[in-house]
Structures are given as structure tokens and as C-alpha cells.
Amino acid sequence: MSVWDRPEPPTRPVPLDQQRIVAAAIALADEGGLDGVSLRKVAARLNAGPMRLYGYISTKQELFDLMMDEVYAEILPQEQPGDWREALSSLAHRTRNAALRHEWLSDLLGGRPALGPNALAVGEATLAALESIADVDTAMRATEIVGAYFTGAIRREIANLRAERATGLSKHDWQRASGPYLTRMLATGRFPALAKAVYDGTDIDAEESFETGLEWVLDAVAAKLPAAGMTPGRAGRDLGVQSP
């Protein structure tokens with residue numbers, strides 16, 4: 001039985017429920033990342049015995065799945081997007097904003113499809129916006145391509161934020177510290193393309209870089225949509241879902 005279908009055990013002297021467990025786990029992850037989350041630590045935060053949690057959650061992966069789906073509630077748009085571009089753009093920006101609030105989310109993005117109710121609602125809102133202009137396979141590929149872009153961009157941004165905290169050096173402090181070495185290397189003439197990028201390129205912040213890359217990806221998707229034809233898809237069969 002999946003964690004989404006499992007009934008909750010009866011209430012005991014220290015009241016527990018799945019929602020309280022997930023909230024405690026998210027608080028721990030926000031403080032110390034996923035490495036700071038364990039069933040024992042969650043139980044301690046809730047003043048309950050660790051074995052109590054196994055009535056609700058069997059494994060740490062199940063706990064991560066529940067945590068991720070709770071954050072998907074923050075990603076879910078309040079209203080159905082008006083068109084496909086707004087839907088995919090909203091998905092990208094809302095996922096980035098959620099990851100900046102919960103940095104551990106970047107470690108869970110990009111794996112198997114999330115199947116919690118909030119994740120399914122996000123997928124439904126996104127694909128529904130593409131439904132009238134693209135066949136199902138094209139809609140799925142468009143969503144995958146945009147997802148691959150923003151997952152990589154978010155992971156890079158979070159990695160840089162973690163590096164800043166670990167080293168105590170901001171981006172510009174790190175650039176200044178690395179400057180003398182890089183200057184010597186570029187002066188050898190072995191890296192002319194890199195030298196041009198370093199000396200002539202425009203330095204932009206993470207948000208502008210994210211937005212620019214997203215617009216380029218959406219433009220590429222737009223170029224493919226008019227040629228979409230109606231063909232049957234296999235995504236549901238890959239998840240073990242039977243055709244109605």
C-alpha cells in the first residue's frame with residue numbers, strides 16, 4: 001500500500017498525524033538540509049517515540065515524498081493559467097521560489113515523477129493549458145524540456161548559495177580571490193573564447209539569468225507547437241495506468 005493510501009493509526013496520548021510529522025520534517029530540512037532529517041529526529045521534535053512514526057511512514061523515502069508534495073502545494077497556481085506559456089513559466093518560477101524557501105527541494109527535483117495529490121494537481125494544471133494546442137506527447141515533451149531547464153538552473157543556483165555559506169565568500173569575493181590566477185591563465189593565449197567571455201561578457205544575477213534562459217527555452221517550445229499532430233501517448237502506460 002502506498003503512503004498516499006495508508007490509513008492513519010488511532011490517536012494516542014501524544015497526538016500525531018501525518019500533517020504534523022511532515023511539518024516537523026520540513027522544519028528540520030529547512031534548518032539543516034535533508035541530511036538533518038531522520039525518523040528519530042522528527043520523533044524527538046514531536047516528543048514522541050520513533051516507533052510511533054512507523055504507523056504513518058515506513059521509510060525515509062516515503063517521508064521525503066510527503067515533504068516534497070507539501071511543497072508542491074506552494075507551487076500549485078491559485079488559478080488555472082491562461083495559456084501554455086503562462087503555465088510553463090509559472091511552473092518554473094514557482095518551483096524556483098519554493099526551492100529558495102526550501103533549499104533541500106533542489107536535491108529531490110528531477111527524479112521519478114512525484115505522485116502526491118499536490119504534485120498531480122500541478123501536473124494537471126500545466127498539461128491542461130497545453131491540451132487545446134498540442135497532442136499529448138508534444139505536451140509531455142514540452143513540460144519535460146522546460147522542467148529539465150529549470151531543474152538544472154535551480155540546482156546550480158542553490159549550489160552557489162551553499163558554496164557561499166560554506167566558504168564565507170560571496171560571488172564577487174570569490175571572483176576577486178580567483179582573479180590573479182585566472183588573469184595569468186587567460187594571458188597565455190590558450191583560452192581566447194573564455195577570455196572574451198570574461199572581459200566582454202555582461203555579468204547578470206541569478207534571477208535575470210534564470211528568466212533569460214527560461215524565455216529562450218519557451219521560444220524553442222513555441223517553435224515546435226504549431227507542427228504538433230494527434231498521436232497516442234505512452235506516459236500513462238509507463239506509470240502502470242490502464243486506459244479508461
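So the values come out like this:
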| quantity | calculated |
| --- | --- |
| Cα shape, the range 114-198, gyration tensor, a/c 1.5 rule | oblate |
| Gain upon complete extension [residue 156, residue 31; 0.36 nm per residue less C-alpha separation] | 43.0 nm |
| Rounded, prolate or oblate (a/c below 1.5 giving rounded, otherwise prolate when a/b exceeds b/c) for the chain by Cα gyration tensor | oblate |
| Candidate lysines for bridging to residue 41, where Cα separation is under 30 Å - those fewer than 8 sequence places away on the same chain excluded | 60 |
| Diffusion constant of the range 96-153 at 25 °C, which comes from Stokes-Einstein with the Kirkwood Cα-pair radius and 0.890 mPa s, µm²/s | 197 |
| At R0 = 41 Å, FRET efficiency that the Cβ-Cβ distance of residue 144 and residue 183 yields, to 0.05 | 0.50 |
| Exposure proxy order (Cβ contacts within 10 Å, fewest to most) of 65, 205 | 205, 65 |
| Point-to-point label distance, residue 172-residue 52, nm (Cα→Cβ direction, 7 Å offset) | 5.0 |
| Within-13-Å neighbourhood charge of residue 218 [Cβ basis; K, R +1; D, E -1] | -3 |
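Laboratory data are not the source of any read-out in this text; all were calculated from the coordinates shown. In this text the structure is predicted, and so the values were computed from the model without any measurement. Here the Cβ is made from the backbone with ideal geometry for all residues, glycine too, and neighbour counts use every protein chain on show.
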